[in-house]
């Protein structure tokens, strides 16, 4: 790699247009349902990259003492597209001219700059499409590697990344970097992967389930005719699952089955009431259906995650993946699931950049090629100063529908080296 | 001969206790049977007082019943005042406590377990009594209160057709406490009657039960019931548990002493996961709300199916790839091999519905159903495994209505467990899976006496009849044989439907977060085929494990494993081929009347249906061995009231053989000891040629008289035989070199056929043993099977033979077999005391084969002092027990009258002989 120049850049979270020309180091996570994109935007778009160069021994070479390095200041941006609308993604990339920017910024050869780091199944599936439309080659990065690298990066670098969510209360958790491992990473995408992480690059996929975000959306679409995931989530917010779920009380005549610790409001059987009621799908409110579905899936994921954490004696469970997208009720259900099954011993934690672990990890692999020695702690995350959606403890309905983490850009410096 | 027709009629109604009550009252008596009855009555009163009973045998005893031995027809022939001698009030102080019905009223199904006490019981006939005394069998109870002989029935109804269930209970008077029903008839108030029930519906329908049946429902805790039911089944039924992988069932033998702890996963509307540590010791450790209700509920919303079964059936033809997002869909058809996910693994259930621009209506219901089924089954399997892992449990049993013996469901769950455990853990299922709760509720009655029931005391039967096909009721309960026959005619229509193969979609993909495709052979997973039939459990407290088995735990009666499709098909052909001849014989044995013809027809249909069912699903009736198959045929005959199809043939052959016996004995007596022993064994093998169970022999019969065949057969007896341990046997008996002759104290001779086989073969051998001072116990069938000689027939045969032979006469007298004959043979009494006894005991079964784990208590008692076991004939020494090891000397003698068996077992050919001697191990 020929990356002698140190580039610095900063991008505004929402001001994509400001930094069009400075966009570089793009990575993609092309999943079954969504394409997640992470890209770096250097600061100070107008003035060329030389301005951003810092000679920075102290900021780069802590571990390797590499003096021949440069630091790029800027912001990481996050964006997602539906996989079924991949053309939007292609157009976006084309309009931002990612491919050419890289070349311009770093003076690298065309062939090298036309390589994009990508993970997720789509990196294989759509490789030809990217080649054809953008002339870009997707450099495939292992999905699990990416997830873990992304999560490790966030947990170590971003101070307020992890939080718990119970009863509508969001609470940030300060993670001691030295006591991070081992932990269970539950990535809820279309399906769910559960990964035991023991260190940087040290991990094992220990479990998973096919009942994930794709199930919620797919079943939800069939059941409610919702047009989008967000719409479905929005519906679930005002729904009442008791209409369709069979509760313990429904079976025991309103009583608890206290002998085994089940309260009358516990769900005995998701969608179980549909069995005995002589109602068609149309007679149920889509809101209620969405709510039942969400509870079923969140609870299930929470349970399987807890059982796996228990199995390996892991105290911390981090949930990520686009399914969560900061949706209060989803997190609440998962948290309740973990809390219930662990008798309060384990807590579900969520990541602010939950949907972008894979993309971020793929992005990090740029560094492996070009800036192998850069440490995560050189990157400083800055919570956007805007009156933010994530500031409040309780997310209200409207905020839920906005994509929270898409708007959190991370201010950071990238150290480039040979 | 007692009037057979009446006995049949009586028996015809005995399926239901109350029916039998009625029929006892209604049956016409004729003089002879009245007389028999009076005699028997008097006899039993005397026996009650402990007196020696010397009354003559009345009539030709006929065995009956669809169950084991002690079910003696002479008992069932009792007519007259039923109440006075109600044989079932064995618990005089507790009869009010004994209820016979328990329910599990679930959201979709009502499961009913009821117990009918056996109307027949061991008849203390004279000979048995004598033998018992001689063998020192006490009649004292071995438990605090006796386990009653009886039957446990399993029946299912749909909850939304609860009235059918109420009608059923009402028509059988189950709510009145079974045999105590006469109290009900006589107007005794039923107000305090209580039925134990579990399941959510126990509350919901309590009023309905009160109103319709006048009984109160007593609610039992659901978990308690589930666990009690599972514990009972796993302990009491030999092959209750099975694994199900890729469409293949394999029954698992659970060691009773190594059962706990285990994980019980009950998949009902929701799922309960219970860790069971012992009887009544359990904890619900987990569960999930994604269960059967979710499958059905979501399925109903998505497909508009009207029933659970319909939805399940849809799934058979589904292809989940149209809706599920597979790893290959994400990876462009490639595997994600690094983490072991193949392209066909389901990455996201229903995930494809996201990107497809399709509405619900655009998807096939079949595909939706299959996606849903896989999603839920995998999830259950996964969560169960994780819990088993958590507590270090090896065994996971799955039960509950969601499973329903549905092959694909079981495969999917098994696959999940197998996948996640990397093969270290296996999912197991229970044959009575739907009945755990109901059984547990039944167990919750105090003093049901089933707690310490042992596995060898249960015999499962599969009668043709309404409530019994798979436990589902397909119509009103059958009142009598007539109704059953008519029902059979209808059943056949249904039967053909069942046997027709249902097309299956090619094996698709499965997998959840990483499942490979279970490579199920599509054709195997047919909807109905996979369902397991649940039979009627006969509780026979008098059955015991044969005490001379070297290792009862390792004992497997069947030599031929019918789970080999080739074997099954062969025997299916053999038995089908036999059928017309058997029906002819059976009809003739009943006088060839129109009624007999109709019954014969029904029998043929029924047995064909059984065979078809088993061909389709060899595991349908549990673990299937040849012995079970042969016994099924006999049971089926009895079910249609053919109690002894070969009666006249047996009689004819007995007479012919007895006629030549004196000459044979004379010939034998002229030989020296060594020659004699050889000739006797040759004689046994030669005489074993007579076998109505063998097609080849049936053909032989048409070519000559019995004696001609016997002579011809004996002349062919050239040693060495195919399996020939005769020299070892001879050395044991007569000594050789330094070895001294060994005199056995008591020999058990398991005899086979009537006619030449017993009279010219086994009796002379028995005589030789007696002569040597060895006590001889002839062990014969309790109930007729083919032309096998029965324990009831033997005394007459022995008496007849004894007329020509002093040795036999004295021994028979000493053994109490000739007490009546003594009057005729005046000079016999002088030296009778000097002889060792010749005795007869029944073996406890009515099959051409014998399972030595379940023999009569008499035989078990007789065995205690025995040091030589001789098994004779194909059924008892080849089909079963060929590989059985005994703690004493054992001699297995048989002529192989089946080419295939000869090739398979001894690498020989038809008419080869087996003389296998195995000294005490």
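For the peptide B:218-224, the mean number of other protein chain Cβ atoms found within 10 angstrom of a residue's Cβ is 2. Extent along the principal axes, Cα only, for the range B:854-904: 37, 20, 14 Å, with the longest axis given first.
Across the range A:268-356, the relative contact order, built from alpha-carbon pairs under 8 Å that are at least six residues apart, equals 31 percent.
Please label the shape of the range B:257-383 as rounded, prolate or oblate, based on the square roots a ≥ b ≥ c of the eigenvalues of the alpha-carbon gyration tensor (a/c under 1.5 means rounded; beyond that, a/b larger than b/c means prolate, else oblate). Oblate shape, in that a/c is at least 1.5 and b/c is the bigger or equal ratio. Averaging 1/r across all pairs of distinct Cα atoms in the range B:585-652 and inverting the result yields a Kirkwood radius of 12.8 Å. Of the two radii for the range A:216-360, the radius of gyration is 1.00 times the Kirkwood radius, both from the alpha carbons; that is the Rg over Rh value. Note on residue A:278 and residue B:391: their simple-model spin labels are 4.1 nm apart, each label 7 Å out from Cα toward Cβ.
What the pair-distance distribution of the range B:194-291 shows, using all Cα-Cα distances binned every 5 Å from zero, is 3, 11, 16, 17, 18, 15, 10, 6, 3, 0 percent. Each label was represented as a point 7 Å from its Cα along the Cα-to-Cβ direction; for residue B:745 and residue A:115 these points are 9.0 nm apart. Put in line by how crowded their Cβ is, counting other Cβ atoms within 10 Å and starting with the fewest, A:226, B:849 read A:226, B:849.
Counting neighbouring Cβ atoms within 10 Å and putting the fewest first, the residues A:82, B:674 line up as B:674, A:82.
When the P(r) is computed for the range B:556-687, the part past 23 Å accounts for 53% of the Cα-Cα pairs. Between residue B:569 and residue B:804, the C-beta separation translates, for a Förster distance of 60 Å, into a calculated FRET efficiency of about 0.80. Expressed in Å, the radius of gyration and Dmax of the Cα atoms of the range B:642-682 are 14.7, 46.
Overall form of the range B:247-298: oblate. Here a/c, set by the Cα gyration tensor axes a ≥ b ≥ c, is 1.5 or more, and a/b is not larger than b/c. The relative contact order of the range B:712-777 comes to 28 percent, based on Cα pairs under 8 Å that sit 6 or more residues apart.
The residues A:338, B:536, when put in order of fewest to most other Cβ atoms within 10 Å, stand as B:536, A:338. In whole angstrom, note down how far apart the Cα centers of the range A:182-222 and the range B:541-593 are. Computed from Cα coordinates, the inter-centre distance equals 54 Å.
Throughout, read-outs are computed from the coordinates displayed, never taken from laboratory work. Being a predicted model, the structure only gives us computed values, none of them experimental. So basically every Cβ, Gly included, is an ideal-geometry build from the backbone, and we count neighbours across all protein chains shown.
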